[in-house]
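Engineer: The structure that follows is given in the form of structure tokens.
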């Protein structure tokens, strides 16, 4: 159940998708599942990323207005140390020079290791079997480790090895997808190449980040420098009786994490001198045993729900959260889509998983936001506001880098999204120390900006000129999602202020918080306008949304999706059409209890939602389960599971859809189990279906492990006393609870 396998996929499209699927990472460092020997074709492009390691590039506007970001930020593809050529009779072994007899790939999720076995037949009919094992170490966070075994069935002679440490360049032009940065700017400067140490020092072109990379081999190679490439050479004798087994380590250290990163590289190299590949696997096994003990979800189903769900959770865990210096990018460490930027995805779609399985990671992700509040204050002033912070829509280093403000900076809801995550973290962990020192400050500063952004008219507060989650409708007045999340954000902030005033004394002084300011937030929370259509019995997406003509999606040819690649934004903006869940998202996050409004809203918005964003279907799945639309809930949930593995969005080659990985978790936890965290208790409404007959999973709630087992009965096992609302009935469970279903 904890292994995934694929065979004989070596077309260009399949290879690029599987580079993503077989990507390996540890939250700090990640690399794609390319072939160490390469493909011998122009689309070959090895990619390795260090979380938070970025460079700038200049934006160009024909009309450059005040406040526009002037520089973009981009993940830097750091040095490629994985390339190795195996040359027989003058030709390298790869898919271009040889016939591929077979190809088998395996992902061992208990070791965090990929294994690829490829059987080559050369033009001279010599046969070789190459087996590659690859990990990114969880014990040594700066290390990628490879183990290569080569056997021959019928050759007797010399095999030449060339092993590289070099820059990786894209030879083939990228497509025109705006979600992938197509610039060809050079972001790396080679500072020094040291053959005696097998080491290269680089710096980014403009962001002043430095990195050292060193390669280590289990065999003795002779090294030379060729055009800033470090090349190791060795010639082997190989026959049917004599195979080759070589291990290669690639070390990456940066001033992003180490003050003296060059020395740190040498220190780690010495530490690894007596560490074998097998030793590394022992550490991997220990780490993933602990991870799966807290995270694995057992599912009794006829299809591959269990394997796909847990693969998604594995990749989500590998994507980040290891440090408060960085966050989790939209593609994790698996590709360059969205330039490696961090979005609201983290707080709404990813943190729920970490909060209930590894709260320390959730805390790290929230601390990243706290550590960048000063930059968010500058952005608030940049937008013309005097108080508070404006969380950047897309960023790596904490500065706003969204050049298209209608679908970027205008998404004021991100302030309340971050606050929502802070609140849910506190309710799930009861980490009062975090709230007093950091969390409450985030709540206040994000709220201050929104207070200033509202205006009062006709007895209500309004928030004008904003964009909600749906990016096919931008810069509108009174977006329901934004206003409803603001209402929740402000209400909780006021309640926390009143409940913990003694503990917050120092924060009150630091932030100069007054009762008048809190009363203002309280008043806005009570009187914020929530657009509602009585005739339709739905919350309107915004003030003008329902006055627009509906775009008939059934009339749009299938090859015109996603719409963002085929229609001008202004055409989309004038119609009722959604890229993703918007109003419905607020109803799901805040657990709307009015089933009538929820049902009518679902039925209205579902037919006009394209799900062009991978953040959408999980929300519709949760809503469907809550409305007892079980078949629809299962349909959407299964589509969420398949997004990357089956490339249903046709862009998995650019990296994993990490928010969708998180969507797998919340889709199961909140949809199928029906679990929601509230202040002081957990509500659950478990369901089984014809396809999902039962399941088992564990969560960590306020320091207490809770096990759920659902089939023909519901069983709950707790370490200590926990308050629940089970199918609408309040229960206190202390040890064990069982209910027949």
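No lab work stands behind these numbers, since they all come straight from the coordinates. Worth saying up front: this structure is predicted, and the values here are computed from it rather than measured. Methodologically, a virtual Cβ is constructed for each residue, glycine included, from the backbone with ideal geometry; neighbour enumeration extends over all protein chains shown.
Engineer: Hey, what's the Cα Rg ratio for the range 262-391 versus the globular rule of thumb, 2.2 N^0.38 Å?
Structural biologist: That ratio works out to 1.36.
Engineer: For Cα extents along the principal axes in Å, the choices are [x] 86, 62, 58; [y] 112, 63, 55; [z] 107, 74, 58; which was calculated from the structure?
Structural biologist: So the structure-derived entry is [x].
Engineer: Turning to a different aspect of this structure: Percent antiparallel among DSSP beta bridges with both residues in the range 681-741, to the nearest 5?
Structural biologist: Restricted to the range 681-741, the bridges split so that about 90 percent are antiparallel.
Engineer: Given an 8 Å cut-off on Cα distances and at least 6 residues of separation, report the relative contact order of the range 681-741 as a percent.
Structural biologist: Relative contact order of the range 681-741: 32 percent.
Engineer: For the chain, what does -39500 (n - 2.57) per DSSP helix run (n ≥ 4), summed and divided by total residues, give at 222 nm, in deg cm²/dmol to the nearest 500?
Structural biologist: Rounded to the nearest 500, the figure is -8500 deg cm²/dmol.
Engineer: What percent antiparallel are the DSSP beta bridges of the chain, to the nearest 5?
Structural biologist: Values: 129 of 135 bridges.
About 95 percent, rounded to the nearest 5.
Engineer: By counting other Cβ atoms within 10 Å of each Cβ, how are 636, 57 ranked from fewest to most? Don't jump to the answer; show the numbers that get you there.
Structural biologist: Working: 636 25, 57 17.
Ranked by crowding around the Cβ, least crowded first: 57, 636.
Engineer: Calculated FRET efficiency, residue 2 and residue 704, Cβ-Cβ r, R0 41 Å, to nearest 0.05?
Structural biologist: Details: r = 26 Å, r/R0 = 0.64.
With R0 = 41 Å, the Cβ-Cβ based efficiency is 0.95.
Engineer: Within 10 Å, count the other beta carbons around each residue, average over each peptide in 675-685, 41-51, and list them highest first.
Structural biologist: By packing density, highest mean first, the sequence is 41-51, 675-685.
Engineer: Which stretch or stretches of the range 1-22 have amide N atoms under 13 Å from the point lying 7 Å from residue 243's Cα along the Cα→Cβ direction?
Structural biologist: Under 13 Å, as judged by backbone N against the label point of residue 243, lies no residue of the range 1-22.
Engineer: Would you kindly state how much longer the chain becomes between residue 631 and residue 325 on full extension, computed as 0.36 nm times their sequence separation minus their alpha carbon distance, in nm to one decimal?
Structural biologist: Extra length from residue 631 to residue 325 when fully extended: 105.9 nm.
Engineer: If one computes the Cα centroid of the range 459-536 and of the range 116-138, what distance in Å separates the two points?
Structural biologist: 58
Engineer: Note the angle between two axes, namely the Cα long axis of helix 440-453 and the longest principal axis of the Cα atoms of the chain, as a number of degrees from 0 to 90, rounded to the nearest 10.
Structural biologist: Approximately 60 degrees, to the nearest 10.
Engineer: Sticking with this structure for a sec: Roughly how tilted is helix 373-382, in degrees to the nearest 10 and between 0 and 90, from the longest Cα axis of the chain?
Structural biologist: 70
Engineer: How would you order 361-369, 488-496, 593-601 from highest to lowest mean count of nearby Cβ atoms within 10 Å?
Structural biologist: Descending mean neighbour count gives 361-369, 488-496, 593-601.
Engineer: Report the relative contact order of the chain, percent, no decimals, based on alpha-carbon pairs under 8 angstrom and at least 6 residues apart.
Structural biologist: Averaging sequence separation for qualifying contacts and normalising by length gives 12 percent for the chain.
Engineer: Take each of the peptides 581-591, 244-254, average the number of other beta-carbon atoms within 10 Å over its residues, and list them starting from the highest.
Structural biologist: 581-591, 244-254
Engineer: Once the convex hull of the C-alpha atoms of the range 681-741 is built, how many Å³ does it hold per residue, rounded to a whole number?
Structural biologist: Dividing the Cα hull volume of the range 681-741 by its residues yields 70 Å³.
Engineer: Using only Cα atoms and rounding to the nearest 10 degrees, what angle (0 to 90) does helix 617-626 make with the longest principal axis of the chain?
Structural biologist: 50
Engineer: Still on this structure: Using Cβ contacts closer than 10 Å as the measure, can you line up 167, 110 from fewest to most?
Structural biologist: Values: 167 19, 110 16.
Fewest-to-most ranking of 167, 110: 110, 167.
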